[in-house]
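Q: A single structure is presented below for examination.
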Amino acid sequence: MIKSLASFWKSFLGSVRDLLPIVAVVLFFQFLVLQQPLPNMLELIVGMLLVVLGLTFFIYGLEMGLFPIGESMAHAFARKGSVTWLLLFAFALGFGATIAEPALIAVSMEAAAIAADGNVIVNNEDAKYSYATGLRLTVALSVGLAIVIGVIRILKGWPIHYLIIGGYILVVLMTMIAPKEIIGIAYDSGGVTTSTITVPLVTALGVGLASSIKGRNPMVDGFGLIAFASLTPMIFVMVYGMLI
């Protein structure tokens, strides 16, 4: 119990330290540049406290639950020695984490609304729901495939830079032929996948797997899965835009 409280307090202090530069920037421009008092001071203080507590609970939850379970499952699959089950788990983890990503849900809904307003799709709720769902599924499938590629890279010991360079060359080439209406959405889709749910689970998987395989360095081989998770959605979403 005491150890848990100490760990929570450490996370709380870390959250306060991380937010202090943001607070300092806001206060500097508010008082010295704009030279205006802060509106609704009490609400701002309460809101900032809630942000600190939310960030603290989030980080504490990652350390307590998501990181350990990701690493332990990676170790278990490595001991089991079944590549097929490991790859299925990697795909399911990438797909499941991405489809539930709040940032992706928000971006897909906004993209559907803008597409309807711009007469790219029919302006009704069914069409917008179908467009947003198709976009989410496309991104989730791409991330699932990306994690599979990343896991194979760890197993085989492939250099990551060749895969990333080749992937971004493909992104540039596809940008030249993809509909201009989908390019911005595709690029943003690569960013929203690396958010609150996907990053901790995928990172824990990579580090745990690299730690379990003889001859692999967790620092060199364990990281890099997130790069694939950012790259493949751009390709898949541009293909999605070409098809619809």
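The values are calculated or read from the model by the stated rules, or taken from the named source; none is laboratory data. Predicted model only: the values in this text are computed from it and were never measured. Every residue, glycine among them, receives a Cβ derived from its backbone with ideal geometry; neighbour counts consider all protein chains shown. Remember, those area values only see protein heavy atoms, side chains included, never the ligands or the DNA or RNA. Shrake-Rupley method; radii C 1.70, N 1.55, O 1.52, S 1.80 Å.
Q: Ranked by accessible surface with a 1.4 Å probe, highest first, in what order do Tyr60, Tyr187, Tyr131, Tyr162 come?
A: Tyr162, Tyr187, Tyr60, Tyr131
Q: On to the next question. So if I place +1 on the C-beta of Lys and Arg and -1 on the C-beta of Asp and Glu, and nothing else carries charge, what would the dipole magnitude of the chain be about its Cα centre? I want it in debye, nearest 20.
A: Dipole about the Cα centre, nearest 20: 1000 debye.
Q: Also: Leaving out ligands, DNA and RNA, what percent of the accessible area of segment 89-244 is carbon and sulfur, probe 1.4 Å?
A: 70
Q: Quick one: grab the alpha carbon gyration tensor of the chain, order the square roots of its eigenvalues as a ≥ b ≥ c, and give me rounded if a/c is under 1.5, else prolate or oblate depending on whether a/b is larger than b/c.
A: Here the chain falls in the oblate category.
Q: Which shape class, rounded, prolate or oblate, goes with segment 81-186 when its Cα gyration tensor gives a ≥ b ≥ c as root eigenvalues, a/c under 1.5 marks rounded, and past that a/b bigger than b/c marks prolate?
A: Since a/c reaches 1.5 but b/c is at least a/b, the shape of segment 81-186 is classed as oblate.
Q: Counting each DSSP H run of 4 or more residues in the chain as -39500 (n - 2.57), what helix-only mean residue ellipticity at 222 nm follows after dividing by all residues, to the nearest 500 deg cm²/dmol?
A: -27000 deg cm²/dmol
Q: Between Asp117 and Lys156, how high is the FRET efficiency from 1/(1 + (r/R0)^6) when r is the Cβ-Cβ distance and R₀ = 41 Å? Nearest 0.05. Let's see the in-between values first.
A: Working: r = 46 Å, r/R0 = 1.13.
For Asp117 and Lys156, the calculated efficiency is 0.30.
Q: Shifting gears a bit: Taking only protein heavy atoms and a 1.4 Å probe, what accessible area per residue, in Å², does segment 4-130 have with all protein chains in place?
A: On a per-residue basis, 66 Å².
Q: I've got another one for you. Tell me whether segment 105-244 comes out rounded, prolate or oblate; compute the Cα gyration tensor, take square roots of the eigenvalues as a ≥ b ≥ c, and use a/c under 1.5 as the rounded threshold.
A: Values: a/c = 3.40, a/b = 2.04, b/c = 1.67.
It is prolate, given that a/c is not under 1.5 and a/b is the larger ratio.
Q: Among 167-177, 225-235, 31-41, 17-27, how do they line up from the highest to the lowest mean number of other beta-carbon atoms within 10 Å?
A: Ranked from most to least packed, the peptides come out as 225-235, 167-177, 17-27, 31-41.
Q: Give the Rg (one decimal place) followed by the Dmax (whole number) of segment 194-244, computed from C-alpha coordinates and expressed in Å.
A: When restricted to Cα atoms, segment 194-244 yields Rg and Dmax of 14.2, 46 Å.
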